[in-house]
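Visitor: I am attaching a structure below and will ask some questions about it afterwards.
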Amino acid sequence: MSYPTATRRTSLPGSAALLALLIGVCLYGGIGVSAADPLHIGTMPLNPPQLVQDLAAAYVEKTGQPLTVTCCAGFDELASGLKAGTFDAVVGTCVASGAAVVERGLVIPETKRIIYYHRLAILLPPGNARQIMEAEDLERTGLRIGLFDIHTRGPLVEKVKASALVISKDQELLLDLLEEGRLDAVLSWDCFGAVRPHLVTIRLPRRLAGDGAAMAAPCLVSSATTRRAEAGRFLEFCASSEEARNIVLGHGLMLSDGSEEQYHGPQHKFLPVYRYLAQQIAQDYAAGRGNCLDLGCGEGQMTVELAQITDLEVTGLDIEPEVLELAERYAQECRMDDSRLHWVCADVHSLPYPDKTFDLIVSRGSMPFWRDHLQAVKETLRVLRPGGIAFIGGGAGRLCPPEIWEQVRPGSGTGKEVGDVFHFPFPLGNLDALMTRAGVADYRVLTEGGTWLEIHKSPAGLAASGGGRE
Amino acid sequence: MKPRITLTVCVSLALAALSLPAFAATLDLGVPDQFESAICDAAAAFVEQSGHQLRVHYVPVPAGAFEMAREGRMDVIIPPCNNSSKEFSDKGWVRPETGKRIFCRRMAIILPPKNPKGISLLSDLYRPDVRVASLTVLRDRIQKFAPSLCRDVHESGDIMAMWLRDGEQMMDLLASGAIDAALAWDTFAADDPRNFVVIRLPRSAAGDQAVAPITAFVTPGSDESEVSQQLVKFLSESIAAQDIFLKHGYVLDDGSDAAWYDKNAASRFEPVYRNIVQQVIDDYGITRGRALDIGCGTGQMAVALAQMTSLEVTGVDIEPEAIATSERHAAEAALSDRCHFVCADAHSLPFPDNHFDLVVSRGTLPFLRDQALAVREVYRALKPGGVAFLGGGMGRYTPEEEARKLYPKGVSPETALGWGPSQTREDSIFPFPVRSFEVLMTRAGIHDYTVINEGGRWVEIRK
């Protein structure tokens, strides 16, 4: 097959056509028209449907190298495509199928690159009415659980296998059953949560899920291709470029398999900052008892501090299962393993709580990692009680002496701003515009000690701000 | 109202600081909850551009709007439709001179994806196999152009299956298959991710009830009336706001431009359409079967295609008045039996899979908000072995000199789809310029295509 991009027919009138062609090539040579034949890329249906096409389109835009993407129905089609030389490369398969095609000599193993990791996860309906927050909750009696049966393994999977209502290799069927309310939870890969982003996704740590906790989505070059170098360049782009990383994160996928998380203790140099900030929150918002959520709690220093200095019931929420294990360990070290402290591994874009659950929601330094600020703010408002407050932002807060912040902040001593030395995948835009976009009426942007949003959810009634159509 | 000049906004972000005005005002904007995301998006663009702050208040329709207005809490309010507009102007609210309509709501038939019952006209709603629903608030309006749809439920043979109070419930019933069609404003489907088919009704079918322009009012005696006027001007006139409304699937036009276009521009392009049709015939040899013209405008290319081939031709356009004009042109050419026109959106075509032998489209792509979705829809509706020829320009058979004269100001063969090397959105007459077919086809997942940079910018897709 060839895909000539220039004029290919006898043209009428010829000179005009030639002129148009020349102009066309001159104008669009950089971004579109290229004499190259397309590289053929195969992929698997376990990826979110647009992911590989988006990666490919970004590469075409950047380099002008045409690409075709074919989503194979299953592993056999992928293998036969590789054998027949239909594909020059494969993007976003999984480790197991990757290993199988390597064994059969269909790919060149040393070019293997990882674009993201699938994590074992519990998928739940929006709002998570059954309040399933961790693996142990799956042991509750009477739960109707579905298990996805391709490459899921490890001790938890074995346990669930014994009690699951449905075990299937058809993820669409499982997710349909979940959405129809015929299943309460599905144990599967988080990538299927990314395919249906309204579902709640609780990712599981390696400790509980065993080696089955993480599955790499590798890129492989076909051993039959004559265009190894070109294919390698595209895979390099998918696995290493900042554009590709942001596309992958934008689809709600994880770049980490959790293996590099090692416990060095909490970053003690930040502890004073979190303490001052917790004090500020306690002074300004935390009168009496109540239910508090810390979004993107990381190693949990602020979460623990808030539980220590207030009477609040505090939940720390983070998307990384391994980081939450560090938080739990830190809480134990602080002798704060009491019933007022909880840890949940979930995504801020689909919070695992019913509407109107929290009196106070706090978050420090997490927002520039959220792929869709608007959706996250909407979720925050949804789970906030009428009359509740959200305090979200970055920096050290009002009470922290500037010299302490200056000592510990990223880029201190370099004269550079935090954003210059630290890669934030989704930098904050204009917060006033974000609030307008979210339809929030009652908010303040505070700029003392960083940049902070203070959102008040108005008591129920007419013109309830931000709650949308309640 | 006391002045509310905030200092916090001035230092909130370095980014905003670049465009800050001398002072930053805080406005209260009342928005009917059914338009929430589109108007909030446009208002947010105003915040980004102007540095002023906006507090958006949802107004449940129809109850809350007047309450809030009476309390004097809003600086700017967007009433849900004309009826309430009158009430506002009676109370002394000002509709700024600059504030033309923000967008237009059109009365429409809303259908499930792919239009399983093959509905394209108001008269199809009377079919016995079609269960129709609408909203109680629209009953008086529908009564005026379709009185027999509104007969009392107890009368024998009533046509309307149900009258509902809740728009969201109506859309859910449609999605679940409990009803086959909804007769309501097109805005109910605009932001819905379920990709409903929307058949907008022209004035010729629904009369004055077909259109409801949405406007904005400024409160009498607002302290921020200058900024309020600026906001209304932005929402109703700026390119940025118009792009946002189009992106949400709203229609800006009330149809009054269609007659002008028909009279002043249409005839000049007659030979161009014939040339393009000839080119398509010569290149693809498809002269029998079914053809589709996407964004058919006044219907000239569709009529030319029917004249020059034996094809059964369907034209779709999002503007209901363009459909009325196309039908007239087909009737004048005595081709009404082989030329059909449906008012539909290219993003959710009202046709089954594998339906057309040929799909053509000239000059429509840069008006489409999600070109990858639209191209996937074309591919879906195309028969295996069929060809789609999409793009913009005057075609290979139109002599270069003549072609150059026909392009609108600022457009040339090289920028026929709105994108040139030095162009920005502001220089382009199109809301969504097409930058690269290669990127678009990769994003849409289409492999078998050929880019043709001759006589404009075109892409040929084979299924």
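The values are calculated or read from the model by the stated rules, or taken from the named source; none is laboratory data. Only a predicted model underlies this, so the values are computations on that prediction, with no experimental measurement involved. Cβ coordinates were reconstructed from backbone atoms using ideal geometry, including for glycine residues, and neighbour counts include every protein chain displayed.
Visitor: Is there a residue being of a type in the set (Ser, Thr, Tyr), in contact (Cβ under 8 Å) with a residue 24 or more places away in the chain and surrounded by fewer than 24 Cβ atoms within 10 Å (Cβ to Cβ) anywhere in the stretch B:436-449? Full working, then the answer.
Guide: Our first condition is that a residue be of a type in the set (Ser, Thr, Tyr); within the stretch B:436-449, this holds for B:436, B:442, B:449.
Add one more test, that the residue is in contact (Cβ under 8 Å) with a residue 24 or more places away in the chain, and what stays is none.
No, the stretch B:436-449 contains no residue that is of a type in the set (Ser, Thr, Tyr), in contact (Cβ under 8 Å) with a residue 24 or more places away in the chain and surrounded by fewer than 24 Cβ atoms within 10 Å (Cβ to Cβ).
Visitor: Of all residues being crowded, with 16+ Cβ neighbours inside 10 Å and in a loop (DSSP other than H, G, I, E, B) in the stretch A:131-142, which is farthest from the chain's Cα centre (by Cα)? Just the residue, please.
Guide: Here the residue is A:Ile132.
Visitor: Follow-up question, since we're still on this one. For B:Val280, all conditions in the list (1) among the β-branched types (Val, Ile, Thr); (2) within 14 Å of chain A (Cβ to nearest Cβ); (3) loosely packed, with under 15 Cβ neighbours inside 10 Å hold save one; what is the number of the exception?
Guide: Evaluating B:Val280 over (1) among the β-branched types (Val, Ile, Thr); (2) within 14 Å of chain A (Cβ to nearest Cβ); (3) loosely packed, with under 15 Cβ neighbours inside 10 Å leaves (3) as the failure.
Visitor: Do we have B:Ile119 as in contact with a Pro (Cβ under 9 Å, 6 or more places away or on another chain) and in a loop (DSSP other than H, G, I, E, B) here? Steps first, please.
Guide: Numbers: in contact with a Pro (Cβ under 9 Å, 6 or more places away or on another chain): yes; in a loop (DSSP other than H, G, I, E, B): yes.
Yes; evaluated as a whole, the condition is true for this residue.
Visitor: I would also like to ask the following. Considering only the stretch B:141-238, give the strands (runs of 3 or more DSSP E) lying wholly within it that have at least 3 residues that are closer than 29 Å to B:Lys91 by Cβ. I'd like the intermediate steps shown before the answer.
Guide: Values: elements: B:160-164, B:181-185, B:197-200, B:211-214.
Per the criteria, B:211-214.
Visitor: Residue under question is A:Thr111, and the condition is that it be at pLDDT below 85, surrounded by fewer than 22 Cβ atoms within 10 Å (Cβ to Cβ), assigned by TED's automatic domain parsing to the domain that holds A:Glu230 and more than 30 Å from A:Lys159 (Cβ to Cβ); does it hold? Talk me through it step by step, then tell me what you get.
Guide: On the way: at pLDDT below 85: yes; surrounded by fewer than 22 Cβ atoms within 10 Å (Cβ to Cβ): yes; assigned by TED's automatic domain parsing to the domain that holds A:Glu230: yes; more than 30 Å from A:Lys159 (Cβ to Cβ): yes.
Yes; evaluated as a whole, the condition is true for this residue.
Visitor: On to the next question. Just name the residue that is modelled with the lowest pLDDT out of those in the stretch B:434-450 that are within 7 Å of chain A (Cβ to nearest Cβ) and part of a loop (DSSP other than H, G, I, E, B). Working first, answer last.
Guide: Filtering the stretch B:434-450 for residues within 7 Å of chain A (Cβ to nearest Cβ) gives B:435-439, B:442-443, B:445, B:447, B:450.
Add one more test, that the residue is part of a loop (DSSP other than H, G, I, E, B), and what stays is B:435-436, B:445, B:447.
On the way: B:Arg435: 86, B:Ser436: 90, B:Gly445: 92, B:His447: 91.
Looking at residues that are within 7 Å of chain A (Cβ to nearest Cβ) and part of a loop (DSSP other than H, G, I, E, B), I get B:Arg435.
Visitor: Among the residues of the stretch B:122-140, write down those that are assigned to a helix (DSSP H, G or I) and either closer than 15 Å to B:Phe188 by Cα or assigned by TED's automatic domain parsing to the domain that holds B:Ile323 (or both).
Guide: B:Thr136, B:Val137, B:Leu138
Visitor: Within the stretch A:127-143, is there a residue that is within 19 Å of A:Gly258 (Cβ to Cβ) and in contact with a Pro (Cβ under 7 Å, 6 or more places away or on another chain)?
Guide: yes
Visitor: Within the bounds of the stretch A:125-132, is there any residue that is assigned by TED's automatic domain parsing to the domain that holds A:Ala231 and in contact with a Gly (Cβ under 8 Å, 6 or more places away or on another chain)? Step through it out loud before you land on a result.
Guide: Start the filter on the stretch A:125-132 by keeping residues that are assigned by TED's automatic domain parsing to the domain that holds A:Ala231, which leaves none.
The answer is no, given that none of the residues of the stretch A:125-132 is assigned by TED's automatic domain parsing to the domain that holds A:Ala231 and in contact with a Gly (Cβ under 8 Å, 6 or more places away or on another chain).
Visitor: Every residue in the stretch A:65-115 that is assigned to a strand (DSSP E or B) and within 14 Å of another protein chain (Cβ to nearest Cβ), please.
Guide: In the first step, residues of the stretch A:65-115 are kept if they are assigned to a strand (DSSP E or B); the result is A:67-71, A:89-91, A:107-115.
Correct list: A:Leu67, A:Thr68, A:Val69, A:Thr70, A:Cys71, A:Val91.
Visitor: I need a count of the residues in the stretch A:341-355 that are in contact with a Leu (Cβ under 7 Å, 6 or more places away or on another chain) and not β-branched (Val, Ile, Thr). Can you show your working first?
Guide: Just the residues of the stretch A:341-355 that are in contact with a Leu (Cβ under 7 Å, 6 or more places away or on another chain), to begin with: A:343-346, A:348, A:350, A:352.
Next cut, not β-branched (Val, Ile, Thr) only: A:343, A:345-346, A:350, A:352.
The total comes to 5.
For every residue, the table says whether it meets (1) of a type in the set (Lys, Arg); (2) touching a helix residue (DSSP H, G or I) at 6+ places or on another chain (Cβ under 6 Å); (3) within 14 Å of another protein chain (Cβ to nearest Cβ); (4) surrounded by fewer than 16 Cβ atoms within 10 Å (Cβ to Cβ).
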residue: B:Ala372; (1), (2), (3), (4): no, yes, yes, no
residue: B:Lys383; (1), (2), (3), (4): yes, no, no, no
residue: B:Arg396; (1), (2), (3), (4): yes, yes, yes, no
residue: B:Glu401; (1), (2), (3), (4): no, no, yes, yes
residue: B:Asp427; (1), (2), (3), (4): no, no, no, yes
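Visitor: Only one of (1) within 16 Å of B:Met441 (Cα to Cα); (2) surrounded by fewer than 24 Cβ atoms within 10 Å (Cβ to Cβ) is not met by B:Gly363, so which one is it?
Guide: Evaluating B:Gly363 over (1) within 16 Å of B:Met441 (Cα to Cα); (2) surrounded by fewer than 24 Cβ atoms within 10 Å (Cβ to Cβ) leaves (1) as the failure.
Visitor: Please go through the stretch A:332-386 and give me each residue that is within 23 Å of A:Leu277 (Cβ to Cβ) and of a type in the set (Asp, Glu), ordered by number.
Guide: The answer is A:Glu333, A:Asp337, A:Asp338, A:Asp359, A:Glu379.
Visitor: Then there is this: I need a count of the residues in the stretch A:170-207 that are acidic (Asp, Glu), touching a residue at least 24 places away in the same chain (Cβ under 8 Å) and outside any loop (DSSP other than H, G, I, E, B).
Guide: First, the residues of the stretch A:170-207 that are acidic (Asp, Glu): A:170, A:172, A:176, A:179-180, A:184, A:190.
Pick out the ones that are also touching a residue at least 24 places away in the same chain (Cβ under 8 Å) and you get A:179, A:184, A:190.
Subset that is outside any loop (DSSP other than H, G, I, E, B): A:179, A:190.
Selection size over the stretch A:170-207: 2.
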